[in-house]
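Student: Pasting a structure here, questions to come.
Please treat every number below as a calculation from the coordinates, not as lab data. Small disclaimer: the values here were computed from a predicted structure and weren't measured. Cβ: placed from backbone, ideal geometry, glycine included. Neighbour counts: every protein chain shown.
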Amino acid sequence: MVVTTASSVEQFIIGDGIAGAVQGGYLGVEYALLSEVLPDSSTEAAKGMGVPQTIAPMMAPILLLVGPAPGSGNYASLYFSAAIFGQADAIAIIFIRKVR
């Protein structure tokens with residue numbers, strides 16, 4: 001949330017650096033787990049791994065339109081929604097009992 005509340009370029013860069021480091025660490029573990037959990041990797045290898053990268057760009061323009069002035073680029077709603085989806089994903093991972 002540092003990026004959404006940044007009042008200067010320096011704060012934005014620091015927030016973006018923090019977000020990038022956290023995202024890099026999280027996605028590395030996420031894709032390692034995803035590659036082990038996907039069914040029948042011999043015939044349908046990586047079929048479902050691109051779903052998040054397909055859905056996110058479709059949702060971003062809609063989330064940017066939400067706000068006081070249409071077309072103003074409400075990045076707070078975009079980042080807040082990303083945080084909510086990230087938390088939901090982390091909670092869903094808890095219920096994975098074992099990796100095949």
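Student: Please compute the length gained on full extension between Ala56 and Ser8, using 0.36 nm multiplied by the number of residues separating them and subtracting their Cα-Cα distance.
Tutor: Taking 0.36 nm per residue and subtracting the Cα distance, the gain is 14.6 nm.
Student: Set the Förster radius R0 to 25 Å, insert the Cβ-Cβ distance between Leu64 and Arg97 as r into 1/(1 + (r/R0)^6), and round the FRET efficiency to 0.05.
Tutor: With a Förster radius of 25 Å, E is 0.10.
Student: Identify which of Gly28, Gly86, Gly50 has the largest mean-square fluctuation in a Gaussian network model of the chain, with springs joining Cα atoms closer than 10 Å.
Tutor: Ranking Gly28, Gly86, Gly50 by mean-square fluctuation puts Gly50 first.
Student: Then there's this: Enter the angle in degrees (range 0 to 90, nearest 10) between the Cα long axis of helix 75-94 and the first principal axis of the Cα atoms of the chain, meaning the one along which they spread out most.
Tutor: 20
Student: Right, another one. Put +1 on the Cβ of each Lys and Arg and -1 on the Cβ of each Asp and Glu in the chain; which of Val37, Tyr75, Gly86 then has its Cα farthest toward the positive end of the dipole?
Tutor: About the Cα centre, the residue reaching furthest to the positive side is Val37.
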